Amino acid sequence: MTARDLNLFYGDNQALFDVNLDIVERQVTALIGPSGCGKSTFLRCMNRMNDTIDGVTIKGKVTLDDRDIYDKAIDVVQLRARIGMVFQKPNPFPKSIYDNVAYGPRIHGLVNSRDELDEIVMTSLERAGLLKEVKDRLPEPATGLSGGQQQRLCIARAVAVSPEVILMDEPCSALDPIATAKVEELIDELRSNYTIVIVTHSMQQAARVSQRTAFFHLGKLVEVGETDQIFTNPKDERTKGYITGRFG
Ligand SMILES: Nc1ncnc2c1ncn2[C@@H]1O[C@H](COP(=O)(O)OP(=O)(O)OP(=O)(O)O)[C@@H](O)[C@H]1O
């Protein structure tokens, strides 16, 4: 995916300024920067989640496979299947564990039989590292799972519709350290099949899970590069200031 000259306004307030970013396939890209710098706003641009907010104006281009996702001909429901999203707080549907994962394949008409659906549910739970823990309780309500399990269920739900890209907005911020470690491990495994973009407040997390890091400041993309380079040898003074804890 790419963003080209992306500008976003909430009413009169500009939140993103001329952002140009290439997201590398099958890698994890971390978006970091001080609170309010536009990380989540940028992430939401990537699957048109900002469409749902009143008063938002977007200028510029975001492409997936060279096609502008803001093109009028794009079906947003299909788009969000190709570019899935996992939120800060786990948000399973008030349905069974099975139905949470089966929901997407059902509404997108991806299966022809119950056997096919079962297969997708099992594979998705396996990919999300959750199958072992839930295989004997698939008909039970998803809300009965722990927070970490719920978040992995949300990842299974995203994976079930075979997305190309998975966007994650601080996916571990509501989780304890053990659940966080599991989700981080999972992100590392998922990157062999999916392109992942993750917003994180934790520089340690960015260093642990990502191959590329993009540093945002005041709505601008200041610097992007290999994660090692950004953390050990940043080129911009603002990046240096942030990663050494001088501000933010
Ligand atoms: N729905 C909204 N309506 C109006 N302004 C918004 C909205 N969402 C975000 N903003 C503003 O846009 C700017 C960028 O916010 P955004 O949430 O993208 O930053 P962030 O870097 O993700 O912050 P944080 O790390 O605190 O989550 C901020 O000034 C914020 O107040």
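None of the figures in this text is laboratory data; all of them are computed from the coordinates on show. These numbers were taken from a predicted model, which means no experiment stands behind them. Cβ coordinates were reconstructed from backbone atoms using ideal geometry, including for glycine residues, and neighbour counts include every protein chain displayed.
Observations on the model:
- Listed residues MET168, ALA73, GLY245: farthest to the positive end of the dipole of the chain (Cβ charges): GLY245
- Annotation: amide H-H contacts under 5 Å for LEU16 (H modelled 1.01 Å from N, sequence separation of 5 or more, or interchain): LEU8.
- Amide H contacts under 5 Å for LEU31: ILE198, VAL199, THR200, ALA214, restricted to partners 5 or more places along the chain or on a different chain, H placed in the peptide plane at 1.01 Å from N.
- Between ALA73, ALA158, ALA81, the GNM of the chain built on Cα springs shorter than 10 angstrom shows ALA73 fluctuating the most.
- Contact order normalised by residue count of the stretch 89-168, Cα under 8 Å, 6+ apart, percent: 49 percent
- Under-5 Å amide H pairs with VAL222, H placed in peptide plane, nonlocal only: PHE215, PHE216, HIS217
- DSSP loop trypsin sites (Lys or Arg not before Pro) with at most 15 other Cβ within 10 Å excluded, longest remaining stretch of the chain: 138-234
- Net charge, HIS201 excluded, C-beta distance under 10 Å - Lys, Arg +1, Asp, Glu -1: 0
- Tilt relative to the chain, helix 114-127 - C-alpha long axis, 0 to 90 degrees, to 10: 50 degrees
- Note that the chain shows a convex hull volume over its alpha carbon atoms of 123 Å³ per residue.
- 21 Å Cα-Cα reach of LYS72 towards lysines, excluding residues that sit fewer than 8 places from it in its own chain: LYS59, LYS61
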